[in-house]
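Enquirer: This is the structure, below, for whatever I ask next.
The values are calculated or read from the model by the stated rules, or taken from the named source; none is laboratory data. In this text, all values refer to a predicted model and were calculated from it rather than measured experimentally. Counting neighbours? That spans all protein chains shown, and the Cβs are built from the backbone with ideal geometry, glycine included. The area values use the complete protein model at the heavy-atom level, side chains included, leaving out ligands, DNA and RNA. Shrake-Rupley method; radii C 1.70, N 1.55, O 1.52, S 1.80 Å.
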Amino acid sequence: MRRVSESLAEQQAVTARLQQIAHSAYEDIDRLSEIYVRSIEPMRQLRMSTQTTLDLTEALSLAMVVSATA
């Protein structure tokens, strides 16, 4: 997480949000972190915010949970 965060405050905020997503989606935090890390640079190139990238991470996580139960 450190290598993609622009500051310590951002790193802490991202980690807290990923933990929240993991808890609500019953998802592994490492898996969510990997999704986030792989998404952040392309999203930045599109001038999307960290918050938007976290929202995308949550949506992908929930989609994987739904597809696993279908």
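Enquirer: Just wondering, is there one or more residues in region 1-9 that are under 13 Å from the mean Cα position of the chain (by Cα) and open to solvent by 70 Å² or more (accessible area, probe 1.4 Å)? Working first, answer last.
Expert: If we filter region 1-9 for residues that are under 13 Å from the mean Cα position of the chain (by Cα), which is where we start, we get 1, 4-5.
Pick out the ones that are also open to solvent by 70 Å² or more (accessible area, probe 1.4 Å) and you get none.
No, region 1-9 has no match at all.
Enquirer: Just give me the residues in region 19-30 being outside any helix (DSSP H, G or I) and open to solvent by less than 70 Å² (accessible area, probe 1.4 Å), in sequence order.
Expert: So the first thing to find is which residues in region 19-30 are outside any helix (DSSP H, G or I), and the list is 26-28.
Once the filter is applied, which keeps residues that are outside any helix (DSSP H, G or I) and open to solvent by less than 70 Å² (accessible area, probe 1.4 Å), region 19-30 yields only GLU27.
Enquirer: Which residues, counting only those in region 1-35, are out of contact with any Lys or Arg (no Cβ under 9 Å at 6 or more places or on another chain), closer than 19 Å to SER67 by Cβ and of a type outside the set (D, E, K, R)?
Expert: ILE21, SER24, ALA25, TYR26, LEU32, ILE35
Enquirer: Would region 48-59 turn up any residue that is within 15 Å of VAL4 (Cα to Cα), open to solvent by 70 Å² or more (accessible area, probe 1.4 Å) and assigned to a helix (DSSP H, G or I)?
Expert: yes
Enquirer: Further question: If we keep just the residues of region 60-70 that are farther than 16 Å from GLN19 by Cβ and assigned to a helix (DSSP H, G or I), which is most open to solvent (accessible area, probe 1.4 Å)? Explain how you work it out, then say what you get.
Expert: Here is the first cut: in region 60-70, the residues farther than 16 Å from GLN19 by Cβ are 60, 63-70.
So of that shortlist, the ones also assigned to a helix (DSSP H, G or I) come out as 60, 63-69.
Values: LEU60: 75, ALA63: 55, MET64: 58, VAL65: 54, VAL66: 94, SER67: 80, ALA68: 83, THR69: 114 Å².
Checking each candidate, the answer is THR69.
Enquirer: Which condition does LEU18 not pass, out of (1) within 12 Å of THR57 (Cβ to Cβ); (2) over 10 Å from the mean Cα position of the chain (by Cα); (3) at pLDDT 95 or above, if it passes all the others?
Expert: In the conditions (1) within 12 Å of THR57 (Cβ to Cβ); (2) over 10 Å from the mean Cα position of the chain (by Cα); (3) at pLDDT 95 or above, LEU18 misses (2) alone.
Enquirer: Being among the charged types (D, E, K, R) and open to solvent by less than 90 Å² (accessible area, probe 1.4 Å), is that true of even one residue in region 31-39? Steps first, answer last, please.
Expert: First, pick out the residues of region 31-39 that are among the charged types (D, E, K, R): 31, 34, 38.
If we keep only those that are open to solvent by less than 90 Å² (accessible area, probe 1.4 Å) too, we end up with 34.
Looking through region 31-39, at least one residue is among the charged types (D, E, K, R) and open to solvent by less than 90 Å² (accessible area, probe 1.4 Å).
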